[in-house]
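Have a look at the structure below, then the notes.
The values are calculated or read from the model by the stated rules, or taken from the named source; none is laboratory data. In this text the structure is predicted, and so the values were computed from the model without any measurement. Every residue, glycine as well, gets a Cβ built from its backbone with ideal geometry; the counts of neighbours run over all protein chains shown. Side chains included, ligands, DNA and RNA excluded: accessible areas come from the protein's heavy atoms. Shrake-Rupley method; radii C 1.70, N 1.55, O 1.52, S 1.80 Å.
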Amino acid sequence: MGTLTFMSPCLACPKGEGHARLRPEIDVLVGRTVDIYWTVSQPFTEPPHRFDESVLLRYAAANVDGFPASPTGFSVSQFGHGQSNPTFLLEVESGPSLKKRYVLRKKPSGEILQSAHAVEREFQVLKALGDHTDVPVPKVFCLCTDASVIGTAFYVMEYLEGRIFLDPKLPELCPNRRKAIYKETSKTLAAIHRVDVNSVGLEKFGRRENYCKRQIERWARQYLASTGESKPERYPKMLELIEWLRQHIPLDDSSEALGPCLVHGDFRIDNLLFHPNEDRVIGVLDWELSTLGNQMCDVAYSSLQYIVDLSLGDEKSYRGLEFTGIPEGFPSQAEYLAEYCSASGKPWPAADWKFYIAFSLFRGASIFAGVFHRWILGNASAGDLAKHAGKAGNALVDSAWEFIGRKTVLPNHPPPGQGALRNHQNESGIERINQYITQGSGKFVPSQKVLDLRNRLLKFMEDHIYPMEAEFNKLAQSDARWTIHPEEENLKQLAKQEGLWNLWLPLDSAARARELLFDGMNHVSLGKDSNLLGAGLSNLEYAYLCEIMGRSVWAPQVFNCGAPDTGNMEVLVRYGTKEQQKEWLVPLLEGHIRSGFAMTEPQVASSDATNIECSIAREGDNYIINGEKWWTSGAMDPRCRILIVMGKTDFTSAKHKQQSMILVDVTTPGVKIKAPLSVFGYDDAPHGHAEVSFENVCVPASNILLGEGRGFEIAQGRLGPGRLHHCMRLIGAAERGMQLMVERAHKRRVFGKSIAEQGSFLSDLAKCRIELEMTRLLVLEAADQMDRLGNKRAQGTVAMAKVAAPNMALKVLDRAIQVHGAAGVSSKTALAHLWATARTLRIADGPDEVHLGTIAKLELRQARL
Ligand SMILES: Cc1cc2nc3c(=O)[nH]c(=O)nc-3n(C[C@H](O)[C@H](O)[C@H](O)COP(=O)(O)OP(=O)(O)OC[C@H]3O[C@@H](n4cnc5c(N)ncnc54)[C@H](O)[C@@H]3O)c2cc1C
């Protein structure tokens, strides 16, 4: 056996160093199999653990299954010094070549704290798990509580051969194996957490409720006992941390509704025994601190290596992998958690992650304080390294405060790819849709290309959009609301670099733009402009992506997929001349400028565009425009440079031939952006919906689009795909509502139960999901029909989607608001703004009644045929 060195105190053990991980460094560091269950280190010599081997032999022969009845040899040796429950290897021979091995674990001799060395509990949990679950644990044979056998209670268990990895960075493994080992680690933890304690007889194994609260008090007491007068100095930040933790205990900590949950209490990679050759766990060890409680504490504890390095030493920063660099092949913290959530079916812990990590660090700091105190007293069994424990403890406290101070600690959702796509999380549907759209084949199963884009988009949202929402909102409510947040422009560049740019541009329109603007050059020859023309997607393909952008009101413009720009660009692509395209379409495609569409007028019912009164009169080589517009979305944006104005060039011709559309540079004299309008109090700064007046505005005649009297024709073209985009985004808005609703329902307790347990909520939630899925299918169908049949023949289905989508989103968001109580109507969540936006789309996208009229007319026409 190799020599033993102290590595790190076990942060779960009340005695700390008494439970220190002792390592056979040679065997393990080179990654070779550690050939015994728990490394044999020292001969059976330690005086406090002496006992009569012959009595033990007799007892074992009578009580241990398969133990040789007449052994020819029997030896006992002790595993690594320092374990809080002394552990021994029993080797028994019953013939020249027949040797059997067992492991015995006992309480320490002498006076002990009963609660700290409860081998009876270890035996109980190992037996329950071994007999009834697939959690890999060594098989236990017998528990002996008769002190006359070896002096204290003990149990005997199976001896397993395998590997223990003592360094969580797994330096001895290649990147692929590291990944596999961590995946297995998270799956094993999930297997423990999935155990139904009632059905395996562990329902009385501990108290579930108020676990964190009790733990905080326990470790706070320990810290106070180890520091202060005539002891090591107290660290004021530790006292503040205790207070912070008391104030931030997660709501579900007191929930009985979650039922009793098994907690390992010391779950970390070096308590797992891996198969000698395969990357799978064959035994979870060290159950001394197992109990019932809050399982997220186990999860956070098992992730601490990302935040801190717990090994003691000189001149250390104690900084974890997030600072020192994540080794190749290693999952990020979010990926590790995603695997765990996927395997356990637990909700994504972003909301309370600060607490759980801070709590684990606090517990560690308290243990280190104890170790340091004992070192000063001269009785630390961790040896000389314990002299660093004081500094290490304070470093953990500093890390906790640094972590608490971070803007974000986890993305709002698990990262796409790996386990997250299979996540059972939240029952929110966000991951459910990932499940069904990524599996098998069928009409609505997107191609691999779309799935790749979708995953990249999801990651972009997690990494860049959700974390910035609060910041963008803050600026939009400040005095500087009509300016652009610099980060928005940075994100646009990033989206462009990542190929998440102009994805809305349909394949056929892109082909036309390529022809006119780039003389038919293909993507490759376009070089740096290669993604200006989108990704060559159909409307159906874009639907899967647009939906994701709809989850945040801030997202679409970052990808240059926001309204009204997409509709305006579509007009320019389809109906613009080469010159018009060069002047306006290119900067729009590049995202350098923005645009507005000015049709609606305050004095006439604008849902019937034949009422429009704005005049566009030809004078020589120019047109003179006079009129009042309102609700010109985007006109307040400082980047807005071009308006497409709808007006009448001939008040006398046929009803649908009077209207024309013309391009107007907003800087043209006579254009007055008068004031922003607000929607339920939201002025949507810096985008805005403006009142605009045109007073003798003179523009070149070449600014007319398609020709005089062609306004209606263009409107039909513009409002096809462009308006379906609203429906796609509304699906995303509703998904966000579902997700927030479910998260809230799990957390919030009313009248003794969580909202998630209230019957009325359950039925409402289910109905929301049904409506959302029906609407999603309708929107996908409409997009598919536009691709296959063209915009005109798809108009009935598009009209249905336009009515169904905002109405569905309103219902879902309204329900989500209700579940949030007063917070739901405030600006504390994204719900109120999403709801307000969805409500406008029952009007802004053409009133429901107009679409219903279209649907009904088609239905009647069909019946006549
Ligand atoms: C947030 C927001 C953004 C907007 N952005 C733009 C923009 O960028 N550019 C732009 O030009 N306009 C924009 N609009 C205006 C929008 O297009 C119009 O509000 C819409 O076309 C309806 O016109 P109206 O407001 O004049 O309502 P009206 O035409 O006066 O209609 C009022 C109501 O009459 C009823 N009605 C209408 N037609 C029928 C029918 N056939 N049968 C039965 N009842 C009917 C409906 O209940 C309808 O809501 C926006 C509006 C909002 C709220």
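The table that follows gives values for the structure above.
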read-out: Residues whose placed amide H lies under 5 Å from that of Cys640, excluding near-sequence neighbours; value: Arg594
read-out: Spherically averaged projected area of the stretch 783-865 from its Cα convex hull (nm²); value: 6.6
read-out: Accessible surface of Ser653 - all protein chains present, 1.4 Å probe, nearest 10 Å²; value: 40
read-out: Interchain or long-range residues, amide H under 5 Å from Asn622's placed H; value: Ala701
read-out: Rg to Rh, two decimals, where the chain supplies the alpha carbon set and Rh follows Kirkwood; value: 1.10
read-out: Size of charge dipole - the stretch 289-373 - debye, nearest 20, with Cβ of Lys, Arg +1 and Asp, Glu -1, no other charges; value: 280
read-out: Relative contact order (percent, whole number), the stretch 727-809, Cα cutoff 8 Å, 6+ residue spacing; value: 38
read-out: Average Cα contact separation per residue, the chain, under 8 Å, 6 or more apart, as relative contact order %; value: 8
read-out: Convex hull per residue volume in Å³, alpha carbons only, for the stretch 307-415; value: 122
read-out: Extent along principal axes [Cα atoms of the stretch 577-654; Å; largest to smallest]; value: 39, 30, 18
read-out: The stretch 698-707 - phi-based ³J(HN,Hα) in whole Hz, Karplus 6.51/-1.76/1.60, Gly and Pro as x; value: 10, 10, x, 4, 5, 7, 5, 9, 6, x
read-out: Largest-first ellipsoid semi-axes for the stretch 259-369, taking √(5λ) over the Cα gyration tensor eigenvalues, angstrom; value: 21, 19, 17
read-out: Positive-end residue, the chain charge dipole about Cα centroid, Cβ charges, pick of Asn539, Leu285, Pro96; value: Asn539
read-out: Ranking by accessible area, most exposed first, for Asp286, Asp452, Asp309, Asp134 with a 1.4 Å probe; value: Asp134, Asp452, Asp309, Asp286
read-out: Of Gly228, Phe205, Ile216, farthest towards positive along the dipole that unit charges on Lys, Arg, Asp, Glu beta carbons give the stretch 205-288; value: Gly228
read-out: Accessible carbon and sulfur surface of the chain relative to its total accessible area, %, 1.4 Å; value: 52
read-out: Cα-based Rg / Dmax (Å) for the stretch 182-238; value: 18.0, 50
read-out: Share of alpha-carbon pairs per 10 Å distance bin for the stretch 107-208, given as whole %; value: 12, 32, 32, 19, 4, 0
read-out: Cβ-placed point charges (K, R +1; D, E -1), dipole of the stretch 596-676 about Cα centre in debye, nearest 20; value: 120
read-out: The chain: calculated mean residue ellipticity at 222 nm from DSSP helix runs of at least 4, using -39500 (n - 2.57); value: -13000 deg cm²/dmol
read-out: Dipole in debye (nearest 20) - the chain, about Cα centre, beta carbon charges: Lys, Arg +1; Asp, Glu -1; value: 960
read-out: Alpha-carbon gyration tensor eigenvalues x 5, square-rooted, for the stretch 141-199, Å; value: 34, 19, 9
read-out: Cα-based Rg and Dmax for the stretch 205-316, where Dmax is the largest Cα-Cα distance (Å); value: 17.0, 53
read-out: For the stretch 667-808: relative contact order, % (alpha-carbon pairs under 8 angstrom, 6 or more apart); value: 21
read-out: Accessible area per residue, Å², the chain with all protein chains present, probe 1.4 Å; value: 40
read-out: Projected-area average for the stretch 318-373 over all orientations - Cα convex hull basis, square nanometres; value: 5.1
read-out: Overall dimensions of the stretch 638-679 by Cα: Rg and Dmax, Å; value: 13.6, 38
read-out: Projected-area mean, the stretch 632-761, by convex hull of Cα positions, square nanometres; value: 12.2
read-out: Computed E for Glu579/Ser332 - FRET, C-beta separation, R0 56 angstrom, nearest 0.05; value: 0.70
read-out: Distant-in-sequence amide H partners of Lys648 (H built 1.01 Å from N, under 5 Å); value: Cys614, Ser615, Ile616, Ser660
read-out: Per-residue SASA entry for Val409, accessible area with 1.4 Å probe, Å² rounded to 10; value: 30
read-out: Residue among Tyr682, Leu273, Thr87 farthest towards the positive dipole end of the chain, charges placed on Cβ; value: Tyr682
